[in-house]
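Everything on this sheet refers to the single structure shown next.
The values are calculated or read from the model by the stated rules, or taken from the named source; none is laboratory data. Just so it is clear, the model here is predicted, and its values are computed rather than measured. All Cβ positions, even for glycine, are placed from backbone atoms using ideal geometry, and neighbour counts span all protein chains on display.
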């Protein structure tokens with residue numbers, strides 16, 4: 001993170017390298033095993049997406065973490081499913 005000289009606000013870069021991602025996950029309480037699977041540091045268990053599959057940073061290139069809740073999604077379809085379950089997005093059928 002860089003600090004702007006003109007502003008006191010922090011500026012975030014949304015383009016993360018793999019190293020940045022690993023550091024961010026560690027700060028959130030996760031570890032990454034040698035195969036790339038994300039492990040919850042408290043439980044020692046693999047992190048699973050909303051569909052129950054393990055999240056692997058080497059294989060799941062499109063995964064995301066919903067901050068605050070620490071919910072992992074593997075792709076945009078799972079993210080849309082999560083939003084619809086939380087009633088944050090509504091799908092309407094074409095007539």
Anything in region 47-82 that is modelled with pLDDT of 75 or more, exposed (fewer than 12 other Cβ atoms within 10 Å of the Cβ) and not in a loop (DSSP other than H, G, I, E, B)? List them, or say none. 77
Residue list for region 18-43, restricted to those being in a helix (DSSP H, G or I) and surrounded by 11 or more Cβ atoms within 10 Å (Cβ to Cβ): 18, 20, 21, 22, 23, 24, 25, 26
